[in-house]
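Chemist: Next up is a structure, given as structure tokens.
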Amino acid sequence: MSNIWTKNFANRTKRMQSSTIRELLKISNLPGVVSFAGGLPSPDVFPVDEFKKACQVVLTDYSHQALQYGTTEGYLPLREMICERSGRYGIHIQPDNVLITNGSQQALDLIGKVFIDAGDKVICEAPTYLGAIQAWKVYGAEFISVETDEHGMIPESLEEKIKQKAKLIYLLPNFQNPMGCTLSEERRHRIIQIAHEHQVPIIEDDPYGQLRFEGEHIPPVLKLDADLRGNDKDDYQGNVIYLSTFSKTLAPGLRLAWAIAPKDVILKLVQAKQGSDLHTATFNQILAHEVCKNDFLDRHIPLIRKVYGARRDLMMDLMDELFPPGVTYIRPEGGLFLWVTTPEQIDTQKLLPVAIANKVAYVPGAPFYPNGGGLNTMRMNFSNASEDGIREGMKRLSLVMKEALV
Ligand SMILES: Cc1ncc(COP(=O)(O)O)c(C=O)c1O
């Protein structure tokens, strides 16, 4: 790039980096590679027929609205539907508590824009979602990693670290990306209390909560926070911003997600979004509403759970059968990912080119640790490859690991 551009970059631009995952997705899309790398839902469960029918309806009955500019907050019937569905999980809110975003990724960026100044500290799990690190680093966030195990963030470690004057706590409570683990209810209560004592808001990022294959539903952190405060029904004024998305239950190509927050926080996020894109695509919002009305998701989500649950089981069985001794994994109760730890002599970043040469891909774990670590870990996606693909890919990966351990 010519110097005239680089010398004019803003300070924040120097903090921008390509996402390791996006770069990897390019490689893992090569023909013949079985990819466990991306976080892609399976196209086998995209409701294509419903979209076809809904497109007709939207263009026939709603064309003037669907092809027109819309409000920044989002299409009201869609926000009302989100309120109704959230209410089923104890989140009692009004449309003014909801902002429709271009994927949860945009919500993360808007949160960075609204809350993070250079040098601000964000508390996160270790490992945590790479996309949040990427979004918030640009605003100059520094990350404080809190110890995390198969039951999520460890409150005692949070209590220790929060003394460093944190601005936000970032939590992935359900089937966490990348570890697949779920934050226990007991820990949710404790973390809310600690956050409250230290007056630090929580960002609850929950793209996978609907995709539970087994075990009991655990109430969202926002609901537990509202209970603790005894908030008036329908007027949430608490400490939590809750994010979720249609990417994993309908289709990620729609780029449709939502943030739930106290009304004055939504107002600030709306102002931030106006500078980004004015509003999320009206056509997509009306389309998603048309597909989802009449409780379509109540019929569709069980199908997704069934398909992904079977793929998870198959992948875990193959790990038990094929992986060399010393390679362990965490059993996820839902979501899209399995987290694997290899013996320390394997550096999964260095092993990746060998794996790709053998036509299998995964994501090395290290980039998910904002402060280093995790060299011998990897994230495996089980939702995207077919069952035959999983069988073949696991054979290839086991051989690559065995050779690395000789
Ligand atoms: C934890 C987490 N947050 C946010 C996102 C972004 O999702 P969206 O497709 O809604 O932008 C993802 C996507 O995989 C994710 O895993």
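The values are calculated or read from the model by the stated rules, or taken from the named source; none is laboratory data. Since this is a predicted model, take the numbers as computed values, not measurements. Positions of Cβ are backbone-derived with ideal geometry, glycine not excepted, and every protein chain shown enters the neighbour counts.
Chemist: Can you find a residue that is among the acidic types (Asp, Glu), buried (at least 22 other Cβ atoms within 10 Å of the Cβ) and in a strand (DSSP E or B) anywhere in the range 144-157? Give the steps one after another, and end with the answer.
Modeler: Of the range 144-157, the ones among the acidic types (Asp, Glu) are 147, 149-150, 156.
Filter once more, so that each one left must be buried (at least 22 other Cβ atoms within 10 Å of the Cβ): none.
Checked the range 144-157: no residue is among the acidic types (Asp, Glu), buried (at least 22 other Cβ atoms within 10 Å of the Cβ) and in a strand (DSSP E or B).
Chemist: For the range 219-251, how many residues are without any contact (Cβ under 8 Å) to a residue 60 or more places away in the chain, more than 18 Å from Ile111 (Cα to Cα) and within 16 Å of the ligand (Cβ to nearest atom)?
Modeler: Selection size over the range 219-251: 2.
Chemist: Let me ask another. Please pick out the residue among Leu108, Leu168, Leu172 that is in contact with an Asp or Glu (Cβ under 6 Å, 6 or more places away or on another chain), within 16 Å of the ligand (Cβ to nearest atom) and in contact (Cβ under 8 Å) with a residue 40 or more places away in the chain. Quick ask: steps written out before the conclusion?
Modeler: Values: Leu108 fails: in contact with an Asp or Glu (Cβ under 6 Å, 6 or more places away or on another chain); Leu168 fails: in contact with an Asp or Glu (Cβ under 6 Å, 6 or more places away or on another chain).
That would be Leu172, the only listed residue that is in contact with an Asp or Glu (Cβ under 6 Å, 6 or more places away or on another chain), within 16 Å of the ligand (Cβ to nearest atom) and in contact (Cβ under 8 Å) with a residue 40 or more places away in the chain.
Chemist: Quick one: in the range 87-105, which of the residues that are within 16 Å of the ligand (Cβ to nearest atom) and of a type in the set (Gly, Ala, Ser) is nearest to the chain's Cα centre (by Cα)?
Modeler: Initial filter on the range 87-105 (within 16 Å of the ligand (Cβ to nearest atom)): 98-105.
Now narrow it down to the ones that are of a type in the set (Gly, Ala, Ser): 103-104.
Details: Gly103: 10, Ser104: 7 Å.
Checked the range 87-105; the qualifying residue nearest to the chain's Cα centre (by Cα) is Ser104.
Chemist: Can you pull out the residues in the range 175-194 that are more than 16 Å from the ligand (Cβ to nearest atom) and either without any contact (Cβ under 8 Å) to a residue 24 or more places away in the chain or outside any helix (DSSP H, G or I) (or both)?
Modeler: We begin by selecting, within the range 175-194, every residue more than 16 Å from the ligand (Cβ to nearest atom); these are 184-194.
If the condition is that a residue be more than 16 Å from the ligand (Cβ to nearest atom) and either without any contact (Cβ under 8 Å) to a residue 24 or more places away in the chain or outside any helix (DSSP H, G or I) (or both), then Ser184, Glu186 are the ones that fit.
Chemist: Say we look at the range 280-304 and pick out the residues that are surrounded by fewer than 21 Cβ atoms within 10 Å (Cβ to Cβ) and in contact with an Asp or Glu (Cβ under 9 Å, 6 or more places away or on another chain); which of these is farthest from Ser383 (Cα to Cα)?
Modeler: We begin by selecting, within the range 280-304, every residue surrounded by fewer than 21 Cβ atoms within 10 Å (Cβ to Cβ); these are 281-283, 293-303.
From what's left, in contact with an Asp or Glu (Cβ under 9 Å, 6 or more places away or on another chain): 296, 300.
Numbers: Phe296: 21, His300: 16 Å.
Here the residue is Phe296.
Chemist: Right, something else. Of all residues in the range 163-174, count the ones that are modelled with pLDDT under 95 and either outside any loop (DSSP other than H, G, I, E, B) or acidic (Asp, Glu) (or both).
Modeler: The number of residues fulfilling the criteria is 2.
Chemist: With the checklist (1) closer than 25 Å to Phe175 by Cβ; (2) exposed (fewer than 15 other Cβ atoms within 10 Å of the Cβ) in hand, flag the one item Leu405 doesn't pass.
Modeler: Unmet condition: (1).
Chemist: Here are Asn97, Asn102: which of them is in contact with a Pro (Cβ under 8 Å, 6 or more places away or on another chain), of a type in the set (S, T, N, Q), farther than 30 Å from Ser157 by Cβ and touching a residue at least 60 places away in the same chain (Cβ under 8 Å)? Don't jump to the end; show me each part of the working.
Modeler: Values: Asn102 fails: in contact with a Pro (Cβ under 8 Å, 6 or more places away or on another chain).
Selected residue: Asn97, the only one of Asn97, Asn102 that is in contact with a Pro (Cβ under 8 Å, 6 or more places away or on another chain), of a type in the set (S, T, N, Q), farther than 30 Å from Ser157 by Cβ and touching a residue at least 60 places away in the same chain (Cβ under 8 Å).
Chemist: Among Gly275, Gly309, which is the only one that is closer than 30 Å to Gln199 by Cβ and at pLDDT 95 or above?
Modeler: Working: Gly309 fails: closer than 30 Å to Gln199 by Cβ.
Only one candidate passes the filter, namely Gly275.
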